[in-house]
Amino acid sequence: MVNRWLKWAAAALVLVAAATLFYNKVYIPKATYKSVTAKKGELSLTVYGIGTVSSKIIRPVASNTGGKVLRILKDQGEWVKKGETVAVLDPVDLPDQLAQAKALFEKAGYETVAAKKELEALQAQRKLAKLTYDRYDKLFQKGYAAQAEYDKARTDLEAVEAQIEASRARIESSISEQKRAQKSIDALMQKIARLRVVSPAEGYVIRKDAEVGQTIAAQQPLITVVDPQDVWVKAYVDERISGKIAKGQKAAILLRSKSGEKLQGHVARIEAESDPVTEERVVDVAFEKVPFPFYINEQAEVIIETGRLSNVLLIPLDLIRQGGVWVYKNGEAHFKKIEIVGKNDKFAGVKGIEEGEKILVPDPHKKPLFEGADIRL
């Protein structure tokens with residue numbers, strides 16, 4: 001009989017110990033919630049958008065002429081100055097043509113000098129022939145000179161004058177040839193100059209579009225340059241929350257490559273046309289200070305500050321469930337509907353609860369919350 005009572009007592013003791021252990025180790029932790037106290041403060045109203053790093057102006061640097069690429073002097077990630085040479089194309093036989101044109105120019109110059117010297121000599125001969133002709137003309141008129149002598153003096157003068165005209169023609173021809181050669185030189189030098197491609201603007205090389213040895217067409221890009229001052233985030237914002245966005249508003253920019261780091265920016269432009277498919281408005285957010293290096297098309301988030309609310313009751317945004325919150329009162333959970341008067345990415349300004357009320361933090365690892373549930377803090 002005594003042994004039976006001892007067994008029952010031991011079993012009861014074990015049951016009480018197990019119940020106590022369950023209550024303290026399971027029930028109490030499952031029914032114990034964290035809470036947040038509702039407090040009044042100032043709320044910065046924000047609008048969220050997501051997009052990519054883009055640029056107002058992307059400048060492809062190309063050659064006005066086609067050809068084979070001999071050298072590319074800039075690569076992506078490098079800085080280029082305005083007027084700096086970025087690539088050189090193969091001139092092929094242009095240097096030989098230029099040398100030939102210069103030789104023709106020099107030859108024409110020599111011919112011009114020689115013709116002018118010849119003209120000077122012929123003009124001296126004409127002077128002598130003219131004196132001889134005038135003398136024989138006077139003698140012939142008086143009958144002191146024979147017809148043959150007079151005719152020879154006149155013929156000699158006419159021959160010299162013809163040679164002078166021919167010499168002048170050669171001078172004009174050589175001068176004309178020299179001008180033509182000079183035009184050829186100028187044209188060839190311009191062609192050769194165009195084979196040296198320079199950047200039209202200062203900026204950051206974001207892409208190398210050609211390689212050495214490649215044959216390119218006229219206006220085909222060699223590199224692509226972006227001015228950091230033109231870089232911004234092209235963000236897409238839901239039309240339903242975009243109405244209060246205005247040019248000049250402050251914004252925070254979060255780049256995917258710089259997780260957790262907020263970069264300062266501002267709304268630079270609101271595009272006049274929304275996306276008809278996604279029903280989103282395109283907002284361009286400029287950096288206050290562009291990060292370097294930057295990466296075009298990198299994913300980015302923007303948080304635009306559209307206004308402020310003062311002396312408003314604040315609660316964490318993630319505590320709101322189905323238009324309300326769970327509050328703690330007299331050891332029980334009660335659900336209260338609330339009105340959201342404004343929000344940002346972390347907090348909401350609300351009406352419908354009192355300052356100082358304790359708001360329960362929902363936890364999937366705890367027992368489910370329901371109206372009147374017995375809970376602890």
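Each reported figure results from applying straightforward, stated rules to the coordinates on display, with no laboratory input. Everything quoted here is computed from the prediction, not taken from an experiment. Cβ sites come from the backbone with ideal geometry, for glycine too, and all protein chains shown count toward neighbours.
The label point for residue 37 and the one for residue 176, both projected 7 Å from the Cα toward the Cβ, are 10.5 nm apart. Were the residues from residue 346 through residue 141 laid out at 0.36 nm apart, the gain over their Cα-Cα distance would be 61.2 nm.
Listing 160, 285 from fewest to most neighbouring C-beta atoms within 10 Å gives 160, 285. Of the labelled figures (i) 267; (ii) 179; (iii) 142, only one reflects volume of the Cα convex hull per residue in Å³ as derived from the coordinates, namely (i). The slack in the chain from residue 45 to residue 191, taken as 0.36 nm per residue of separation less the alpha-carbon distance, amounts to 46.6 nm.
The angle between the Cα long axis of helix 2-22 and the longest principal axis of the Cα atoms of the chain comes to about 30 degrees, rounded to the nearest 10. On the beta carbon distance between residue 330 and residue 270, with R0 = 56 Å, the FRET formula returns roughly 0.65.
For the range 94-193, the tally of Lys pairs with Cα-Cα distances below 14 Å comes to 6, considering only residues 8 or more apart or on different chains. Normalised by 2.2 N^0.38 Å, with N the number of residues, the alpha-carbon radius of gyration of the range 94-193 equals 1.72. Shape class for the range 129-263: prolate, because the ratio a/c of the largest to smallest gyration tensor axis (alpha-carbon atoms, square roots of eigenvalues) is 1.5 or more and a/b beats b/c. Here the range 207-360 is treated as a sphere whose radius is the Kirkwood value from Cα pairs; by Stokes-Einstein at 10 °C and 1.306 mPa s it diffuses with a coefficient of 83 µm²/s.
Summing +1 for each Lys or Arg and -1 for each Asp or Glu among the other residues whose beta-carbon sits under 15 angstrom from that of residue 231 gives +1.
What's the local net charge at residue 256, with K and R +1, D and E -1, over the other residues with C-beta under 9 Å away? Summing Lys and Arg as +1 and Asp and Glu as -1 gives -1.
If a/c stays under 1.5 just call it rounded; otherwise compare a/b with b/c (prolate if a/b is bigger, oblate if not). Do that for the range 246-310, with a ≥ b ≥ c from the square roots of the Cα gyration tensor eigenvalues. It is oblate, given that a/c is not under 1.5 and a/b is not larger than b/c.
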